[in-house]
Each structure stands twice: as structure tokens, then as C-alpha cells.
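Encoded as C-alpha cells, the structure appears first; notes follow it.
The values are calculated or read from the model by the stated rules, or taken from the named source; none is laboratory data. Because the structure is a prediction, the values reported are computed rather than measured. All Cβ positions, even for glycine, are placed from backbone atoms using ideal geometry, and neighbour counts span all protein chains on display.
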Amino acid sequence: MIKADLVNRVAEASEVSRVKAARAVESILFAMKEALGAGKRIELRGFGVFQVRDRKRGVGRNPKTGVEVAIAPGKTVRFKPGKGLKQI
């Protein structure tokens, strides 16, 4: 499913125009991006939890040449499915 599919489903379920549904989907995604960018945790009951985690420094390897490459530490977003999503 892509964003356009989400917009279509929201438009059908709420009986609003695609333009308004697109605006609603965009504002939800924007709010999620802002919260994750600020390091906050997003909990959607029955669906799951998004949270920002630190990623350790590591060593990778080029599969063609076998040369080791340093991987810098950083941040990543993790998703943990909720009980309702696990039961599907």
C-alpha cells in the first residue's frame, strides 16, 4: 500500500473529497515526522509504537571486494507492533 492508497481509503471511509483526505494524511505524517525528529515516542494503541533509537558504530564489508568500511553511529526509527497488529 502506498500513500495514494491511504488517501483513497480515508476519502471513502470518511466520505470527503480526495483533496481533503490527502490534506489529512499529509498532516498526520508531518506530525509523526516532527515528533520522531524531536526524539519523541509515538504510541498508537492496537497498532504499535514508533520510537527513535541510537544506532551503534559498526564495521561493514563491501560484498564485492571484502574491504571493511566504518559505519558511523546515528539514529534510527524502530517500530514495535502492538497486540492488535500481531493478531492479524
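Values as computed for the structure displayed
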read-out	value
Output for region 37-64, where each listed residue is polar (S, T, N, Q) and either surrounded by 12 or more Cβ atoms within 10 Å (Cβ to Cβ) or touching a residue at least 12 places away in the same chain (Cβ under 8 Å) (or both)	51
Residue 84 vs. criteria assigned to a loop (DSSP other than H, G, I, E, B), under 21 Å from residue 32 (Cβ atoms) and not aliphatic (A, V, I, L, M)	no
Residues located in region 67-88, provided they are modelled with pLDDT under 90 and exposed (fewer than 10 other Cβ atoms within 10 Å of the Cβ)	86, 87, 88
Yes/no for residue 34 being free of Cβ contacts under 8 Å to residues at least 12 places away in the same chain and surrounded by 10 or more Cβ atoms within 10 Å (Cβ to Cβ)	yes
Any hit, region 65-74, residues being in contact (Cβ under 8 Å) with a residue 24 or more places away in the chain and on the phi < 0 side of the Ramachandran plot	no
